[in-house]
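This report concerns only the one structure given below.
The values are calculated or read from the model by the stated rules, or taken from the named source; none is laboratory data. Since we're looking at a predicted model, the values are computed, not measured. Cβ atoms come from the backbone with ideal geometry, glycine included; neighbour counts cover every protein chain shown.
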Amino acid sequence: MADQDEKKPESNDSGHYPVKIEVISQKGYCHIGHKVGDTWTVSHVTPAGMCIGAFQALALQLKMLEFGGQFPWAPNPDTHDCACPDGVNPVIFRLTRIREQPPKE
């Protein structure tokens, strides 16, 4: 169980956070062509150009970060690393919750 004094990320006005997806490792041949440095920012919709199998593998972790949750074993509550389901040609993605919001006009 989480420590009672542990700080949760502050929510923004909409109650959710965008999440950045970044390819941090790629071994072998990715059939979609993902490579280290590819990035997407996700908020409510599937990002264009991302492998559907990889997105499906990331979806639950994305939702956890998007709605303010955290993984108790993670040293940083705003990031989580996940792998695509291709064990022969793995692509590793880093999910990062984006806390900073642009100023309101």
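Looking at (1) modelled with pLDDT of 95 or more; (2) more than 12 Å from the chain's Cα centre (by Cα), which one does PHE93 not meet, given that it meets all the others?
That leaves (2) as the condition not met.
In region 71-105, what count of residues is obtained for those that are touching a residue at least 12 places away in the same chain (Cβ under 8 Å), out of contact with any strand residue (DSSP E or B) (no Cβ under 9 Å at 6 or more places or on another chain), closer than 24 Å to CYS30 by Cβ and not β-branched (Val, Ile, Thr)?
2
For region 56-70, indicate whether the set of residues that are surrounded by 12 or more Cβ atoms within 10 Å (Cβ to Cβ), in contact with a strand residue (DSSP E or B) (Cβ under 9 Å, 6 or more places away or on another chain) and among the aromatic types (Phe, Trp, Tyr) is non-empty.
no
May I ask you to list the residues in region 33-54 that are small (Gly, Ala, Ser) and surrounded by fewer than 15 Cβ atoms within 10 Å (Cβ to Cβ)?
GLY33, GLY37, SER43, ALA48, GLY49, GLY53
Confirm whether PHE71 is hydrophobic (A, V, I, L, M, F, W, C) and over 13 Å from ARG97 (Cα atoms).
Taking the combined requirement at face value, the residue does not satisfy it.
Is there a residue in region 39-53 that is touching a Gly at 6+ places or on another chain (Cβ under 9 Å) and modelled with pLDDT under 85?
No, every residue in region 39-53 fails to be touching a Gly at 6+ places or on another chain (Cβ under 9 Å) and modelled with pLDDT under 85.
Going residue by residue through region 38-46, is there one that turns out to be in contact with a helix residue (DSSP H, G or I) (Cβ under 8 Å, 6 or more places away or on another chain), assigned to a loop (DSSP other than H, G, I, E, B) and free of Cβ contacts under 8 Å to residues at least 12 places away in the same chain?
Looking through region 38-46, at least one residue is in contact with a helix residue (DSSP H, G or I) (Cβ under 8 Å, 6 or more places away or on another chain), assigned to a loop (DSSP other than H, G, I, E, B) and free of Cβ contacts under 8 Å to residues at least 12 places away in the same chain.
Among the residues of region 52-93, write down those that are in contact with a Phe, Trp or Tyr (Cβ under 7 Å, 6 or more places away or on another chain), more than 13 Å from VAL23 (Cβ to Cβ) and in a strand (DSSP E or B).
HIS80
Within region 23-32, can you find the residues that are closer than 12 Å to ALA54 by Cα and either among the small types (Gly, Ala, Ser) or surrounded by fewer than 11 Cβ atoms within 10 Å (Cβ to Cβ) (or both)?
Listed by number, the list holds a single entry, HIS31.
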